[in-house]
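> Got a structure for you, questions after.
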Amino acid sequence: MTRHPFRRRRLVTALASLLTLLALVFAAPAPGASGGTGWWDPVARPAPDSQIGVTGEPFRGTDAQGRVRGFVDAHDHLMSNEAFGGRLLCGSTFSESGIADALKDCPEHYPDGSLAVFDLITKGGDGKHDPVGWPTFKDWPAHDSLTHEQNYYAWVERAWRGGQRVLVDDLVTNGVICSIYFFKDRGCDEMDSIRLQARKTYELQAYIDRMYGGPGKGWFRIVTDSAQARSVIEQGKLAVVLGVETSEPFGCKQVLDIAQCSRADIDRGLDELYGLGVRSMFLCHKFDNALCGVRFDEGALGTAINVGQFLSTGTFWATEQCAGPQHDNPIGLAPAPAAQSSLPPGVAVPSYAAGARCNTRGLTELGEYALRGMMQRRMMLEVDHMSVKAADRAFDVLESASYPGVISSHSWMDLDWTERVYKLGGFVAQYMNGAEAFSAEARRTDALRDKYGVGYGYGTDMNGLGGWPAPPGANAPNPVRYPFRTADGGSVVDRQTTGERTWDYNTDGAAHYGLVPDWLEEIRLVGGQGVVDDLFRGAESYLGTWGATERHRAAVNLAAGSTVTAASTEWNPFTSYAAARAVDGDRGTRWASDWSDDQWLRIDLGATTLVGRVTLDWERAYGRAYRIEVSTDGTGWQSVWSTTTGAGGLDTARFAGVPARYVRVHGLQRGTGWGYSLYEVGVFST
């Protein structure tokens, strides 16, 4: 027989390689254990700890067009266990003492949950539950348990391994809820809580880094600009953005309509938040404050929050007929006895007219100052929770400056304003609803996303005292079948186990953050691959909004300090309403005309230049029908923009750029019985 030494050596080599591979397979740690061989595996995970339930290398890099990929959670609360006095939400995202310390109930919930007062208020029933978390988890976390930890770090890790690449961590609290809740172990100052939560988020980053061998090596990366976020995602890691969602930022509450903060407080507060790494924020949340009115809550929770509104501000919510098609949520009128018992004797929650759906409070002067301060710092505004009146004015301000930094992160904005967000270059995410409802809303706005070429996001609002998708049931038409592959196809997801409990999305729903990949799989099954594809483009779109916000530069107002004349000026012995007041940069002054229709205000720019945008900040005496006219010589006039449906507020007229030295606002029909009155007129090239 002829010998073939080369073939024999090749066979021996192949057998040795196979044996080595088998040894690695059988020696490989279980999912979630330490000691893995991939860059995504920690070198020293605590023991015991949660399993992850995902195998395979997390995807990294960009697509063929250089765009980052991945899902975006635009609204989560990693550290809300530190909020509301520290005992409203039980458990913690991590603990140096290990999982048994992190995933335990509040002491007052033992032995049977009888004193779980907030569970009783928000969920109904008697609030009773098995308080034991690790290792049995009989009753929590659960999709309808609002006061137990859902953001344990290993569960967030599972969502990252499942394809998520951006997480917005909203630092959240509410001083009134803290003050009236029976159990607390710290003070109720909202800014103190925000500082603590920011510090704990950085500590979580360091905690994860240590598992991976040192600073900068972990998968959890707090980012402070869009380029840094892109770099993190291209490494396959999770970019974490800090936001703020609190009811009285900078101490800006209002009591009996009197603001408890100043412009200086706002400047200091914004500087401090920016220094902490915060890049997006809400100006109001749940209660009216000195900055803006809020969008109402419904049901018994709405009643409870309206009680808190009274305790915070001295007034209940007040409503009025809406000026346009947008409206706030109907105010909850269902009884909330536990909350209502906090009211002083003889004080009761009022009833409301069914047709009056809008909050009377909008964006205040201080609120507009805060918004413009955010714009100066290139921060992104969260419009969710703003009343229709407040959001409308905020949109007007953003549109007047072509500022793209606007986000609706969890379906708390009137949805008919979605295109208004997209036109600015902003980003929209939907609340983590059940698959059918989420998919239906995604399909409703699909054409808009195609029109503007954007992706989509979700806002889990985990640990946000909301509620999450219920289990579809083992016999659902489209059950999640385990194991399944992630959206990129590179990893495999199986059921998630922590301690003695294994969660199955079909029977548990979205019980904790680790089940986000399972929920996304149900979205694929129920809503179709197209919905998931739009969500997978979310990271690129979110970073596109953020990057455009960072690059934004305020345009030069060509009208500032210009020579101005007017057809008429209202006479007042105590106050000047001269034409020049409309271009002096002071919103505390204004031009006002005589009380007749045909009036104009003419601005001399001093030299012919390109003009393509005019902003008009109306006082209550606004123009219903008016036009913008331009001229190079002050004699021959060309109309470049007009309207017959003006509604006051802050109008922005855009048109194809034309050369002009003179710009004239020509009023044709008044919107009120007064004349025309303008706080400020801006003229811009683009």
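> Give me a comma-separated list of calculated 3J(HN,Hα) values for region 167-178, in order, Karplus coefficients 6.51, -1.76, 1.60 applied at θ = phi - 60°, integers in Hz, x for any Gly or Pro.
9, 9, 9, 7, 6, 9, 6, 8, x, 6, 4, 4
> Could you give the size of the charge dipole of region 408-546 about its Cα centre, using +1 on the Cβ of each K and R and -1 on the Cβ of each D and E, expressed in debye and rounded to the nearest 20?
Working: 12 positive and 19 negative charges, 42 e Å.
That gives region 408-546 a dipole magnitude of about 200 debye.
> Return the long-range amide H neighbours of VAL278 (sequence gap of 5 or more, or a different chain), with a cut-off of under 5 Å between placed amide H atoms.
none
> Above 15 angstrom, tally the Cα pairs of region 542-586 and express them as a % of all pairs, no decimals. Walk me through the intermediate numbers first.
Values: 617 of 990 pairs.
In whole percent, the long-distance tail amounts to 62.
> What is the Cα centroid distance between region 525-580 and region 408-456, reported in whole angstrom?
Each part reduced to its Cα centre gives a spacing of 20 Å.
> While we're on this one: Would you mind listing how long region 155-287 runs along its three principal axes, going by Cα atoms, in whole Å with the largest first?
Each principal axis gives a Cα extent; for region 155-287 these are 52, 34, 24 Å.
> Largest first, what is the accessible-area ranking of VAL454, VAL255, VAL307 with a 1.4 Å probe?
Details: VAL454 30, VAL255 55, VAL307 0 Å².
The most accessible residue leads, giving VAL255, VAL454, VAL307.
> Further question: Taking H as built 1.01 Å from N, whose amide H comes closer than 5 Å to the amide H of ILE222, not counting residues under 5 places away?
Here the answer is VAL240, since their amide H atoms fall under 5 Å of that of ILE222.
> If you don't mind, there's one more thing I want to ask. Past 28 Å, Cα to Cα: identify those pairs from LYS237/LYS451; LYS237/LYS286; LYS200/LYS286; LYS138/LYS184; LYS104/LYS200; LYS389/LYS423, in the order given. Walk me through the numbers on the way to the answer.
On the way: LYS237/LYS451 30 Å; LYS237/LYS286 33 Å; LYS200/LYS286 24 Å; LYS138/LYS184 25 Å; LYS104/LYS200 18 Å; LYS389/LYS423 19 Å.
Where the Cα-Cα span goes over 28 Å, the pairs concerned are LYS237/LYS451; LYS237/LYS286.
> Sticking with this one: In what sequence, highest mean first, do 216-222, 410-416 appear when ranked by Cβ atoms within 10 angstrom?
Values: 216-222: 18.6, 410-416: 20.1.
The most tightly packed comes first, giving 410-416, 216-222.
> Now for a different question. Note down the magnitude of the dipole of the chain about its Cα centre, charges +1 on Lys and Arg C-beta and -1 on Asp and Glu C-beta and zero elsewhere, to the nearest 20 debye.
On the way: 66 positive and 81 negative charges, 509 e Å.
Its charge dipole is roughly 2440 debye.
> Considering the options THR460, TYR505, LEU448, tell which one lies farthest towards the positive end of the dipole of region 402-539, charges being +1 on Lys and Arg and -1 on Asp and Glu at the Cβ, about the Cα centre.
Final value for the positive-end residue is LEU448.
> Continuing with the same structure: Measure of size requested: the Rg and Dmax of the chain, with Cα atoms as the atom set and Å as the unit; please supply both.
28.5, 122
> Please identify the DSSP H helices in the chain that span no less than 24 Å along the helix axis (Cα) and have a mean Kyte-Doolittle hydropathy of 1.0 or more.
Working: long enough: 5-27 (33 Å, 1.13); 190-211 (32 Å, -0.84).
Helices meeting the span and hydropathy rule in the chain are 5-27.
> Going by average Cβ neighbours within 10 Å, how do the peptides 241-252, 176-187 rank, with the highest at the top?
Numbers: 241-252: 25.4, 176-187: 16.7.
Output ranking for 241-252, 176-187: 241-252, 176-187.
> How would you order 537-546, 649-658 from highest to lowest mean count of nearby Cβ atoms within 10 Å? Can you show the working numbers first?
On the way: 537-546: 25.5, 649-658: 16.1.
The peptides rank, most packed first, as 537-546, 649-658.
The values are calculated or read from the model by the stated rules, or taken from the named source; none is laboratory data. Computed from a prediction, not measured in an experiment: that's the story for all the values here. Backbone-built Cβ (ideal geometry, glycine too); neighbour counts: all protein chains shown. Accessible surface areas use protein heavy atoms only, side chains included; no ligands, DNA or RNA. Shrake-Rupley method; radii C 1.70, N 1.55, O 1.52, S 1.80 Å.
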